[in-house]
Amino acid sequence: MVKPREPEKFNILDGDHKVLVLDCEILKAVPNKRHTRPETFFILTTNLRSAKADRGSPVLLAVCNGEFCLCCEKDCGKRKPSLRLKKKKLMELAVQKEPARRPFIFYWAKVGSRYTLESAVHPGWFMCTSCNYGEPVAVTNKVGRRKHIEFYFTKVKTAPAKSAI
């Protein structure tokens, strides 16, 4: 089995420059204030046999130091998928067989200076934030002014390891 490479770390901002934070295990978009600490997203490229090159790069996303992964799936009896965090370690998920990983895979596509995240298992459903502050991050298939589906990704710089003297 091939060990996946290390994930890249990013903070994510929406079109209104709201940052994504974790509040009681729910991702929310809040104003980017000096005292606000944005959530660090761990993003790892993954393989997808049915990947469509024009859709972007297939990736897995996690928060909480890679302990909770973003997942897009339908609840039993519901017609629309929803975005949720599942307690799964990113690096363990990365080595699972594709059927187990599919609900966690998103297409990361560049649109100008921003990016979209489209569910691989639910084509046409994109991660989104509301125009209102403090609402949960969700998925939508309706692109318009009420929801932001394009995001800015800012790389998180990791501090170099201190050498022992």
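All of the numbers you see were taken from the coordinates with simple rules; none came from a lab. Not measured: the values here are computed from a predicted model. A quick note on method: Cβ atoms are made from the backbone with ideal geometry, for glycine too, and the neighbour counts reach across all protein chains shown.
Here the calculated FRET efficiency for Val143 and Cys24, from their Cβ-Cβ distance with R0 = 35 Å, stands at 0.75, rounded to the nearest 0.05. Assuming charge only on the beta carbon of Lys and Arg (+1) and of Asp and Glu (-1), the dipole of region 49-164 about its Cα centre is about 120 debye to the nearest 20. With a Förster radius of 22 Å applied to the C-beta separation of Glu8 and Val111, the computed FRET efficiency comes to 0.70. Please compare each pair in Lys28/Lys74; Lys97/Lys155; Lys87/Lys155; Lys80/Lys147; Lys33/Lys157; Lys88/Lys142 to a cut-off of 27 Å on the Cα-Cα distance and tell me which ones are over it. Too far apart for the 27 Å limit: Lys97/Lys155; Lys88/Lys142.
Scaled against 2.2 N^0.38 Å for its residue count N, the alpha carbon radius of gyration of region 28-165 is 1.11. Reachable aspartates and glutamates from Lys110, Cα under 17 Å, same-chain residues fewer than 8 places away excluded? Cross-link targets: Glu8, Asp14, Asp54, Glu118, Glu150. Normalised by the number of residues in the chain, the mean separation of alpha-carbon contacts (under 8 Å, six or more apart) gives a relative contact order of 24 percent.
Length available on full extension from Tyr133 to Arg49: 0.36 nm per residue minus the Cα-Cα distance, which gives 26.5 nm.
The local environment of Ile26, defined by Cβ-Cβ distances under 14 Å, has a net charge of 0 under the rule Lys, Arg +1 and Asp, Glu -1.
Relative contact order for region 30-106: 28 percent, from Cα pairs under 8 Å spaced at least 6 residues apart, divided by residue count.
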